Amino acid sequence: MINIPKGTKDVLPSESYKWQFIENAAREVAKDFNIREIRTPVFEHTELFLRGVGETTDVVTKEMYTFEDKGGRSITLKPEGTAGAARMFIENGLANAPLPLKAYYIAPCYRYERPQAGRLREFHQFGIEVFGTSAPEADAEVIFAASSFLKKLGIRDTRLEINSIGCKSCRAEYNRALKDYFRPHLGEMCATCNERFDKNPLRMIDCKEERCKKITANAPKILDYLCPDCRAHFERVKTLLDGLGVEYAVNPDIVRGLDYYTRTVFEFVSTSIGAQGTVCGGGRYDGLISELGGGNVPAIGFAAGLERLVLLMENTGVPFPEAPVPEVYIAGMDDASRAKAFSLVNGLRTQGISAEGDLMARSVKAQLKYADKLGAKYVVVIGGTELETGVCNVKKMSDGSVTCVPFADIYAFLKNN
């Protein structure tokens, strides 16, 4: 037997309705916020992620699925959705479209990392990207969309943490302060932090090594180095969130794991899904489009992991809607009645009724057992008498009540009951 690759997961028929519920909620929120769907390739040229995500990030240095195709090109399975969306924006000339351009996606992503609860090598994201506005109102709107999405799912067990990591101007001064602080401690820190020291000391704050976390805990805070414009932007975002009734906490240690972020960054965090508690995260990335050759176009977005959402809802008892079941099961007793049952079942389906029948030449007893396992709401058994009279007994499984219904009226009966 060939087993599933490590870090991937089959979504079984008994579980897929949970995913559909989450995906439908995502699409409903996107519609409410006038956000339209995009679909980008599952793989891109590797250079896109080197330039966009950042060469010093764990995603690029440790986690990407990169290979050479038959044409000798370096190709990478996308590890996140924003870089591909930015490439799409540039390549299709969407800077000339009415701005801001609001887009969403529901897509698989790939990262080679140690599998754990809610964190797989193939995972799925719902993401929103807004291109073309630097207004703090856009930050607040995107955060509010994320909050609305979680509330639509019935999730309450999260806290919103926000921060500002400034722009290139104030980041430069902050990086100098970080280097001054970390320089005496480099001998105590991990090899990855030592590599990041020269290239991007901000990444050192995000290190998960315990020995490094003890040192970074007392590092300078970016909020103390914000330029006047970035400080005003962040204060405006907080004021707007207050006005929307969105509760949050300022966490100066949030830097996010990707290099393209600027100014506002945020995470919705839970303690109910293990150590990796971020359910949804995002922020502003005003320099990404420019970095990829597309001009000075500001942008902001977020992504939420579907696997983590399913896990969080299951762990905290958030109810999913009931799994879908057939409205009716129609059984046949012999060849002639099975043929009639087959015709009725498919006729009901064309009218929007979820119906099921026998495809296994089972006995009536076996068919009824199968109908019960499926959870069919109504059951009909057709035999010689029913074929002769054109009338059948429709049994309601919840209370055992039986109603005589002509074949021609089954659709109307099911629709009205």
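Observations
- Pairwise centroid distance, computed over Cα atoms, of segment 64-97 with segment 117-138, Å: 16 Å
- Per-residue extension of 0.36 nm, minus the Cα-Cα distance of residue 34 and residue 209, leaves a gain of 58.8 nm for this segment.
- All Cα pairs of segment 328-415, percent lying beyond 20 Å: 24 percent
- Residue 322-residue 370 FRET efficiency (beta carbon distance; Förster radius 25 Å; 0.05 resolution): 0.85
- Likely footprinting exposure, 237, 11, 269, fewest C-beta neighbours within 10 Å first: 11, 269, 237
- Gain in span if fully extended, residue 11 to residue 404, counting 0.36 nm per residue against the direct Cα distance: 137.5 nm
- Estimated FRET transfer efficiency (residue 137, residue 396; beta-carbon r; R0 56 Å; 0.05): 0.60
- Counting 0.36 nm for each residue step from residue 198 to residue 4 and taking away their Cα separation leaves a gain of 65.8 nm.
- Pairs from 179/208; 168/238; 102/179; 18/377; 340/415 whose Cα-Cα separation, in the structure shown, is over 26 Å: 102/179
- Using a 4.7 Å Cβ-Cβ cutoff, the cysteines of the chain lacking any partner cysteine are 109, 167, 190, 193, 230, 280, 392, 404.
- Note on residue 389 and residue 249: their simple-model spin labels are 6.9 nm apart, each label 7 Å out from Cα toward Cβ.
- The ratio of the alpha-carbon radius of gyration of the chain to the globular-protein estimate 2.2 N^0.38 Å is 1.26.
- Computed from label points 7 Å out along Cα-Cβ, the spacing between residue 69 and residue 342 is 4.5 nm.
Rule-based calculations on the coordinates, nothing more; no lab input. Everything numeric here is computed off the predicted structure, so don't read it as measured data. Positions of Cβ are generated from backbone atoms using ideal geometry, with glycine treated the same way; all protein chains shown enter the neighbour counts.
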